[in-house]
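Below is one structure, written out as structure tokens; comments come after it.
The values are calculated or read from the model by the stated rules, or taken from the named source; none is laboratory data. Predicted model only: the values in this text are computed from it and were never measured. We place every Cβ from the backbone using ideal geometry, glycine too, and count neighbours over all the protein chains shown.
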Amino acid sequence: MTLLFFLLAAACVSLATPFTVGPRTNGPRTNKLNYRISPVDGSKIALPTKEQLAFQDKEIGVLIHLDVATYLNLDGCNGDPTLVPDINLFDPSSLNTDQWIESIADLTGKFATLVAKHNCGFATWPSKVTFQTRDDKTVAYDYTIAQSPVAGTDLVKNLVDSAESRGIGHGLYYSVVWNNYLNVEGSHVRSEALSPGQVGITNDTYNQIVFDQLTELWSHYGNLTEVGFTDDGGFMLPH
């Protein structure tokens, strides 16, 4: 089994260059400018917020990716919108999130971000979201860790508990624009016929599923250090 760890180095912003933030008056400042004036060409340069500077001070974080695609001998569900891996493939024999966090702490990492759902659509937490199919049936989102051989495990909660026990921040990543289980590619439900393992829905239903699952993740797993998404251009991690 291959577990992917990626280092995330927070970008450093230097404010050593003298700058002007606009004209001052004798009275109280009525608005807070979010830019400085370049001493070189007079252009406006964005200033980082207090929250952005705090995130940069964390310096090192780790992205952890373990899901059903880990057990495939190919690049996961990337590039094949018809692929829905057999959920029984997800059967880790020695799942130890304490060891993950211990390694991150030894690395002097300040936060760990877990991929909660990637492009296959497999949820690593026991999502309780329900939705309407194209033929008006109400069904459960049943492509989760709760339907896998390690049912009863909540990988997201395990990671969060391990991180909090060591004083390491935690974040969650959720792929928005791809979900093979729901036949979604590029944020839209594909018009092609369903492949084995896929469930037919509408675009409106997919949007609601995303909101509902993000609500689960952002409401039940503590104070997140960061949230991560995939956009059409690739990977991004906004704080």
The lone condition Ile201 fails out of (1) over 21 Å from Tyr71 (Cβ atoms); (2) assigned to a helix (DSSP H, G or I); (3) not charged (D, E, K, R) is (2)
Scope region 133-149; condition more than 23 Å from Trp218 (Cα to Cα) and not in a loop (DSSP other than H, G, I, E, B); matching residues:
Thr138
Please enumerate the residues belonging to region 43-69 that are over 26 Å from Glu192 (Cα atoms), of a type in the set (Val, Ile, Thr) and touching a Phe, Trp or Tyr at 6+ places or on another chain (Cβ under 8 Å).
Ile45, Val62, Ile64
Among the listed residues Phe111, Phe90, Phe131, Phe122, which satisfies the condition of being at pLDDT below 95 and of a type in the set (Phe, Trp, Tyr)?
Phe111
Tyr181 part of a strand (DSSP E or B) and either among the hydrophobic types (A, V, I, L, M, F, W, C) or within 20 Å of Phe229 (Cβ to Cβ) (or both):
no
Looking at region 41-72, which of its residues are without any contact (Cβ under 8 Å) to a residue 60 or more places away in the chain and crowded, with 18+ Cβ neighbours inside 10 Å?
Val62, Asp67, Ala69
Conditions first: (1) surrounded by fewer than 19 Cβ atoms within 10 Å (Cβ to Cβ); (2) within 16 Å of the chain's Cα centre (by Cα). Leu89 passes all but one, so which condition is the exception?
(2)
All but one of (1) within 20 Å of the chain's Cα centre (by Cα); (2) in a helix (DSSP H, G or I) hold for Ser103; which doesn't?
(1)
For Gly76, state whether it is closer than 30 Å to His188 by Cβ, in contact (Cβ under 8 Å) with a residue 60 or more places away in the chain and part of a loop (DSSP other than H, G, I, E, B).
no
Mind listing whichever residues of region 146-165 are surrounded by 14 or more Cβ atoms within 10 Å (Cβ to Cβ), without any contact (Cβ under 8 Å) to a residue 60 or more places away in the chain and either among the aromatic types (Phe, Trp, Tyr) or over 13 Å from Thr97 (Cβ atoms) (or both)?
Ala146
State whether one or more residues within region 224-239 are assigned to a loop (DSSP other than H, G, I, E, B), at pLDDT 95 or above and surrounded by 14 or more Cβ atoms within 10 Å (Cβ to Cβ).
no
Tally the residues that are charged (D, E, K, R), modelled with pLDDT of 85 or more, more than 18 Å from Leu172 (Cα to Cα) and touching a Lys or Arg at 6+ places or on another chain (Cβ under 9 Å), restricting the search to region 32-81.
2
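In region 106-132, which residues are among the hydrophobic types (A, V, I, L, M, F, W, C) and assigned to a loop (DSSP other than H, G, I, E, B)?
Listed by number, the residues that qualify are Leu107, Cys120, Phe122, Trp125, Val129.
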